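The values are calculated or read from the model by the stated rules, or taken from the named source; none is laboratory data. Just so we're clear, the structure is a prediction, and the values are computed from it rather than from any experiment. Every residue, glycine among them, receives a Cβ derived from its backbone with ideal geometry; neighbour counts consider all protein chains shown.
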Amino acid sequence: MSLAAEAFVSQIAAAEPWPENATLYQPLTEDQILLSDCASSLAVQAYLRMCGLPVQVVCRANAEYMSPSGKIPFIHVGNQVVSELGPIVQFTRAKGHSLSDGLDDVQRAEMKAYMELVNNMLLTAELYIQWCDDATAAEVCMLISRPRYSSPYSWPLSNVLAYQKQWEVRRKMNAIGWGGKTLEQVYEDVSQCCQALSQRLGTQPYFFNKQPTELDALVFGHLFTILTTRLTSTELAERVKSCSNLLSFCKRIEQTYFEDKSS
Amino acid sequence: MALAFRAYAQFAGAPLKLRKISNPWRSPSGSLPALRTNQKETLSRPSDIIIHLRKQKYNADYDLSAKEGADSLAFISLLEEKLTPALIYAFWIEPKNYVDVTRRWYAEHLPFPLNFFLPGRMQRQQLEKLRLLRGDESLEAGEELEKEMYRDAAECMNLLSQRLGSHKFFFGDSPSSLDAYVFGHLAPILKSKLPNAKLQQHLKSLDNLTNFCTNILLLYFPRDGRESQKTTSQPEGADFDHVPNKRRKQFLSALVALGAMLSYALLTGMVSIQHVQHEALEEPPDLQHIGPHEEEGDG
């Protein structure tokens, strides 16, 4: 899309108010969705709730193939489809809904840097644990990831798609230098990331003063999912639990924005 | 990225013996950069090298608070996600830059015959890496991709510029690992003479980042800094005049040319070599002994 076309689209988006029937698509919650996709989806839901924008969550077995970028989750608003948190944040900003308008330049730079830290470390670690063959990770892959990912499809397509996905993720891990890592090194990276987030949060209710930003939504999505997802080992959740302020942070956001969901 | 760990080693005061080689296959790991430790261990990834230096008590982040350490980690992630792909694109994928600068530089610095196939192979590897990083198998060089890459990179530079502000380094008066990483990413953009220099133009518009790179070059790489200042005053073509082992390469080129000319002369019949049979001075060996001897050899 050219710059002129992009500007035109954003103008149209800005002109139309947020509709009541906005929809967020994700894989099937009970049988199919994996840790990383669940985290990304929860981050988008948290962000939209923080903005006060209503959205209906719809689960589809083929959500990944419905998405324009092949990434999950994506939202369908009016006649537009937008996938992933970053573009969704830009899209809502065009409509006049933003959580980071109150930040100065340095704070905005820090917010974006920490968002990249979460994507670079937590998201990558989730993908590694789901798909990469290390002694323990293989267990997760065989018992959880492959069966869940391919659950909507019949044999032999189920096997083909699961292997294809695993191959894709492994190639990406090699490209970013994670191919040679052991599971312990991955857990160490998660600890390092959580400690960095914990230091940044300190005693504040949110990462930047008293109002949540997209960083808060992203961190909540990943940490809450890690804490509440059952894997073959609890090691990943234990690393998060070692930072008490992050636990309080997750509880606070859950109570504030997901009251109706908490059971 | 070799520049990042060299800068880190300088900041931390680590005693490194620098050995410049133009053949990556002669490196202990088969790739460049590589660090051979005292324990005869070989490390290739800059992040692994920095971790090793830290374990050896050469730590440029020693004075950082816990929060500054966290910020450092976050901004390094920002660089990896936003600026690294744009650097790969600018040097390896953008056609004009690759042909006029990157391939030419490697072809002139790599030994024969590696200079014929290694640059192309490296380009394919970098394109594959970019495809995997962006999750797009059909990714090719083009206006759309370039615009997206450079937009991300420009945003990253703006964020770094805002974070640096009017300070000399990112955290106070002494450089840290973040400074090393930022310098390692920005110095090549600033100092390379690329035909398509959009990234360089944007970087030069951010005075504090430009000064940051220049200061580090002058303070920690004084010889390199002076050389780069000399080359900037020279015309564009002079960039490749100072080739290492120039005499040897000229001699080899002359030999190859001579060999080619002789081969051509022989093949076209310009020069012919006649075989003249002389009478045997000695009697031929006893044929009776040859048969059994050959049989033994076969058996």
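Please work out which residue is farthest from the other protein chains (Cβ to nearest Cβ), limiting yourself to the range A:170-186 and to residues that are surrounded by fewer than 18 Cβ atoms within 10 Å (Cβ to Cβ) and under 24 Å from residue A:224 (Cα atoms). It comes out as A:184.
Restricting the range A:177-221 to residues that are among the hydroxyl-bearing types (Ser, Thr, Tyr) and in contact with a helix residue (DSSP H, G or I) (Cβ under 8 Å, 6 or more places away or on another chain), which is nearest to residue A:88 (Cα to Cα)?
Of the residues in the range A:177-221, the ones among the hydroxyl-bearing types (Ser, Thr, Tyr) are A:182, A:187, A:191, A:198, A:203, A:206, A:213.
Those left that are additionally in contact with a helix residue (DSSP H, G or I) (Cβ under 8 Å, 6 or more places away or on another chain): A:187, A:191, A:198, A:203, A:206, A:213.
Details: A:187: 30, A:191: 28, A:198: 26, A:203: 29, A:206: 21, A:213: 13 Å.
Once the filter is applied, the top-ranked residue is A:213.
The helices (runs of 4 or more DSSP H) falling completely within the range B:38-97 that include 1 or more residues that are closer than 24 Å to residue B:24 by Cβ and either within 14 Å of another protein chain (Cβ to nearest Cβ) or of a type outside the set (Lys, Arg) (or both) map to B:46-55, B:84-88. Take the conditions (1) under 29 Å from residue A:239 (Cβ atoms); (2) within 14 Å of chain B (Cβ to nearest Cβ); (3) part of a helix (DSSP H, G or I); residue A:44 misses just one of them, which is (2). Filter the range A:81-108 down to residues that are acidic (Asp, Glu) and in a helix (DSSP H, G or I), then give me how many there are. Within the range A:81-108, residues that are acidic (Asp, Glu) and in a helix (DSSP H, G or I) number 1. Checking the structure you have, find out if any residue of the range A:146-166 is over 21 Å from the mean Cα position of the chain (by Cα), within 14 Å of chain B (Cβ to nearest Cβ) and closer than 28 Å to residue A:29 by Cα. Taking every residue of the range A:146-166 in turn, at least one turns out to be over 21 Å from the mean Cα position of the chain (by Cα), within 14 Å of chain B (Cβ to nearest Cβ) and closer than 28 Å to residue A:29 by Cα. Of all residues in the range B:82-105, none satisfies being of a type outside the set (S, T, N, Q), touching a Phe, Trp or Tyr at 6+ places or on another chain (Cβ under 8 Å) and over 19 Å from residue B:200 (Cβ atoms).
This table checks each residue for (1) modelled with pLDDT of 75 or more; (2) surrounded by fewer than 20 Cβ atoms within 10 Å (Cβ to Cβ); (3) under 30 Å from residue A:207 (Cβ atoms).
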residue: B:15; (1), (2), (3): yes, yes, no
residue: B:27; (1), (2), (3): no, yes, no
residue: B:33; (1), (2), (3): yes, yes, no
residue: B:36; (1), (2), (3): no, yes, no
residue: B:43; (1), (2), (3): yes, no, no
residue: B:49; (1), (2), (3): yes, no, no
residue: B:78; (1), (2), (3): yes, no, yes
residue: B:95; (1), (2), (3): yes, yes, no
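Per-residue answers, yes or no, for (1) of a type in the set (S, T, N, Q); (2) assigned to a helix (DSSP H, G or I); (3) more than 11 Å from every other protein chain (Cβ to nearest Cβ):
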site	(1), (2), (3)
A:61	no, no, yes
A:69	yes, no, no
A:110	no, yes, no
A:119	yes, yes, no
A:122	no, yes, no
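None of A:99, A:127 is modelled with pLDDT of 80 or more, aliphatic (A, V, I, L, M) and within 30 Å of residue A:185 (Cβ to Cβ) except A:127. Note on the range A:187-203: among residues that are loosely packed, with under 15 Cβ neighbours inside 10 Å and of a type outside the set (Ser, Thr, Tyr), the one that is farthest from residue A:117 (Cα to Cα) is A:202. The requirement of being crowded, with 17+ Cβ neighbours inside 10 Å, under 30 Å from residue A:182 (Cα atoms) and at pLDDT 90 or above is satisfied by residue A:117. Just one of (1) outside any helix (DSSP H, G or I); (2) modelled with pLDDT under 80; (3) basic (Lys, Arg) fails for residue A:181. It is (2).
Residue pairs whose Cβ atoms lie under 8 Å apart, sitting 6 or more positions apart in sequence or on different chains, and linking a residue in the range A:158-181 that is free of Cβ contacts under 8 Å to residues at least 40 places away in the same chain and assigned by TED's automatic domain parsing to the domain that holds residue A:130 to a partner that is of a type in the set (S, T, N, Q) and outside any helix (DSSP H, G or I), are A:158/A:150; A:158/A:151; A:159/A:150; A:161/A:150; A:162/A:150. When you check residue A:53 against the structure, is it within 12 Å of chain B (Cβ to nearest Cβ), farther than 24 Å from residue A:148 by Cα and assigned to a loop (DSSP other than H, G, I, E, B), yes or no? Spelling it out, it is not the case that residue A:53 is within 12 Å of chain B (Cβ to nearest Cβ), farther than 24 Å from residue A:148 by Cα and assigned to a loop (DSSP other than H, G, I, E, B). Is one or more of the residues making up the range B:120-138 over 21 Å from residue B:46 (Cα atoms) and modelled with pLDDT of 85 or more? Yes, that holds for at least one residue. Taking the range A:71-80 as the range and being assigned to a loop (DSSP other than H, G, I, E, B) and in contact with a strand residue (DSSP E or B) (Cβ under 8 Å, 6 or more places away or on another chain) as the test, the residues that pass are A:71, A:72, A:73. A single member of A:112, A:95 is farther than 15 Å from residue A:207 by Cβ and of a type in the set (D, E, K, R), and it is A:95. Assessment of the range B:101-122 against the conditions (charged (D, E, K, R), free of Cβ contacts under 8 Å to residues at least 12 places away in the same chain and within 13 Å of chain A (Cβ to nearest Cβ)) yields no matching residue. Quick check: anything in the range A:204-211 surrounded by 15 or more Cβ atoms within 10 Å (Cβ to Cβ), assigned to a helix (DSSP H, G or I) and aromatic (Phe, Trp, Tyr)? Looking through the range A:204-211, none of the residues is surrounded by 15 or more Cβ atoms within 10 Å (Cβ to Cβ), assigned to a helix (DSSP H, G or I) and aromatic (Phe, Trp, Tyr).
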